[in-house]
Amino acid sequence: MHQFGGAGMKPYAAMFGGASVPLGPPVVAFYTGAEIWDTNATSRNATFLPDVGDLVVCIVGLSGAATAGSVTDSQGGTYTLAVSQTRSGGADTVGIFVRNSLITSAVSTTVTTSGQSHTGGGIAAFKVTNMGANVGSSAIRLTGVSSNAVASGTALSISMGGTMLTKNPVFTADACQSASNSQVGPSGGWDGVCGGNFSTPVFGIKGYGYQDGFSGTTVTWQSGTSSGVHWGVAVELNAP
């Protein structure tokens, strides 16, 4: 079941009668409206309403940028760059960031990219609940990237360097040198999707969050772009 918006389960163990209630499985959702993709060459940002205890995961895509830069938010949050990839023969980058702490206030929150010159792009924000104390680098289990300059129309195959666990959430993004975001993500029940595109400069991106269900060593997309090379990233979170 796909879940959207700021409401959701809290990741803290409740207390009743002196005994703690175990955490349920992690739940992934996309924060409604929490993405922006355009050719504005300033810091990119997106605003959303989180719940207390959310772990925020951000997908960033930047055209004309050699790196994914950094991410912060208006609640004082800092983020660890889990994985990034830059297009071969150019300067277009995609990255996935994980917040270094859980959200502490259910108030309007803005995530912002900074620290990297670029010609456009954006950021999208997802929530993961029930991650317990696993935040930042401790919330990252496996990462992978696609080969640079994958041929036009070829689906991404991202090697994760290890075997994923079916209980763990997975995030993945495909960036392309095309004014399209028609890429189709890995099969299975996605629990959040983001993406955008523009033509001057030419750039497109598609990102997915999956609650669970991956196994094996590869995140395999179902289809690539209609034109232009594309490249991508994936991260498996470390559920408690």
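Things to note:
- Burial order of peptide ranges 73-79, 210-216, 122-128 (average beta-carbon count within 10 Å, highest first): 122-128, 210-216, 73-79
- Sorting 31-44, 165-178 by average packing, meaning the other beta carbons within 10 Å per residue, from highest down gives 165-178, 31-44.
- Charge dipole (debye, nearest 20) of the chain; +1 at Cβ of Lys and Arg, -1 at Cβ of Asp and Glu: 180 debye
- The range 54-97-the range 148-214 distance, computed between alpha-carbon centres (Å): 15 Å
- Volume of the convex hull of the chain (Cα atoms only), normalised per residue: 105 Å³.
- Signed unit charges on C-beta, dipole axis of the chain, positive-most listed residue Gly185, Thr104, Thr166: Thr166
- Computing FRET efficiency as 1/(1 + (r/R0)^6) for Ser105 and Thr39, where r is the C-beta to C-beta distance and R0 is 41 Å, gives about 0.80.
- Between Ser138 and Thr47, the modelled labels are 3.3 nm apart [label points 7 Å from Cα along Cα→Cβ].
Read-outs throughout are calculated quantities, based only on the coordinates presented, and are distinct from any laboratory measurement. Note that the coordinates shown come from a computational prediction; the quantities given were computed from them, not determined experimentally. Note that we place each Cβ from the backbone using ideal geometry, even for glycine, and neighbour counts take in every protein chain shown.
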